[in-house]
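What follows is a single structure, written as structure tokens, with notes after it.
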DNA sequence: CTCAAATCCTGACGGGGCGTCACTGACGCC
DNA sequence: GGCGTCAGTGACGCCCCGTCAGGATTTGAG
């Protein structure tokens, strides 16, 4: 990390990169997030300590609190990060979809593949018997849920499907995705296609049998 | 709590109640659980502190640790308690059921009604925006899950239904029940029948559409 | 009834994580 | 080059954690 001078004098910046203040700020924020990801991965949410994260960054404790108010807030930031990366994938599936069935299939497949990819970097070394940390309803996560709901609404309306309880339907779909996804992660080989087929089959089959409000 | 003597001398115990040691032990255990229920209800799992629980019981801090090793363990004990009370209800539904459909309907209804009843005593005053504490996979909770799985297996076999991925199916049903249940708790009036109809409809409809492994 | 052993309640204590704040040095701007 | 601002620093006080030696109470035997 040494700041060796590669030039006799500090070379002038001809690009319009942000100044050093701004750069260390984003670097610190990133360092904290990286450290947090690793610490949560190794110790779990409950076992992790703000001090553990701080130690791993090499920063002073006070610096941490310039960026996040608490362990909870860093964790939420990580969840937000995931949601922010998943959102565009979901959007693409919505654009591609021609009807509810194709949207659901695409979205589920996208989610399971996203989950499998995240799993590699995220849940490195979970203590045995520990449950997954609960993903909180952060703004970005809430936004994804809302987007699912809205996509359902539009696509069902577009094909003149009979009305359903959208809140329940969204909740149920997300619940199935989460839980089947969790089970999928425990199986070897990891079968995203199988999980997709199951979840999509269940919901598509169930949809016509739903009570009409 | 005064031990006023209602008799000139300590009356002989003619029943075969357990001795005083045993009685205070169960009383303490109960006091801790009651206090924990209240504290978790008011502060949430993360916000709660072992000291908060101890304070509310009036016991010494060391006494708490004679009964439970940590905050996590008391919480799990509460979850176990709920599972232990729900288990017999589930069993009754299994006995009554004639086929998968009737079992699912009965079990779902039982769960939603149980949830609504628990809600009164349990989640008194949740801070806004706080998610529910994650119910951990305690022994008793795991047992309930296993029992659901086994009931599914038996009842599907009995009616010669084509094979399905039982793990996924169980996970999906529990997920739907949990999430739809949560949504139900937020609605006024609390409509257990509507929730049951929705969850049952979704799963019963989806069952024939599941992929066959 | 008496007494010793078993039981478990008690609360003070060392250890450590938490969040703060006065200080300082580096950066950006003129 | 000089100055105001802003983020980094780490020691500090606070509180919670889990333990343990000492003491109070119950039990069962004589």
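Since every read-out is calculated from the coordinates, none of them should be taken as a lab result. All figures in this text were calculated on a predicted structure; none of them were measured in a lab. As a convention, Cβ positions derive from the backbone with ideal geometry for all residues, glycine included, and neighbour counts pool all protein chains shown.
From other protein chains only, count the Cβ atoms within 10 Å of every residue's Cβ in A:159-172, then give the mean. Don't skip to the end; give the middle numbers.
Details: counts 0, 0, 0, 0, 0, 3, 6, 0, 6, 12, 3, 2, 10, 11.
Per residue, the number of nearby Cβ atoms from other chains is 4 on average.
Can you list the copy-to-copy distances for residue A:47, using a point 7 angstrom from Cα toward Cβ, in nanometres, shortest first?
For residue A:47, the inter-copy label distances come out at 2.8 nm.
Apply the Kirkwood formula to segment A:19-68: the hydrodynamic radius equals the inverse of the mean of 1/r over all pairs of different alpha-carbon atoms; give it in Å with one decimal.
It is 11.0 Å.
Express the relative contact order of chain B as a whole percentage, based on alpha carbon pairs under 8 Å and six or more residues apart in sequence.
Value for chain B: 23 percent.
For residue A:73 and residue A:87 in one chain, what is 0.36 nm times their gap in residues minus the Cα-Cα distance, to one decimal in nm?
3.0 nm
Which distances, shortest first and in nm, link residue B:113 to the matching position in the other copies, using label points set 7 Å out along Cα to C-beta?
Result, one decimal in nm: 4.6.
Would you mind giving the three semi-axes, in whole Å and largest first, of the ellipsoid equivalent to the protein assembly as shown according to its Cα gyration tensor?
41, 37, 18
GNM, chain B, Cα, under 10 Å: largest mean-square fluctuation among B:148, B:200, B:164?
B:164
Can you figure out the FRET efficiency of residue A:61 with residue B:137, using R₀ = 35 Å and their beta-carbon distance, to the nearest 0.05?
Numbers: r = 34 Å, r/R0 = 0.98.
So, using R0 = 35 Å, E works out to roughly 0.55.
What angle do you read, to the nearest 10 degrees and between 0 and 90, between the alpha-carbon axis of helix B:20-47 and the longest principal axis of chain B?
So the inclination is approximately 60 degrees.
Return the FRET efficiency for the residue pair residue A:27, residue A:193: r is the Cβ-Cβ distance, R0 is 51 Å, and the value is rounded to the nearest 0.05.
0.80
Per residue of B:41-51, count partner chain C-beta atoms within 10 Å of its C-beta, then hand back the mean as an integer.
What the average comes to for B:41-51 is 1.
How big is chain A by the Kirkwood estimate over distinct Cα pairs, in Å?
Hydrodynamic radius (Kirkwood, Cα only) of chain A equals 20.0 Å.
Just counting partner chain Cβ atoms within 10 Å, what average do the residues of peptide A:194-201 show around their Cβ?
Taking all residues of A:194-201 together, the mean is 5.
Put a label point 7 Å from Cα along the Cβ direction on residue A:145, then list its distances to the equivalent points in the other copies in nm, shortest first.
Inter-copy label distances (nm, one decimal, shortest first): 2.1.
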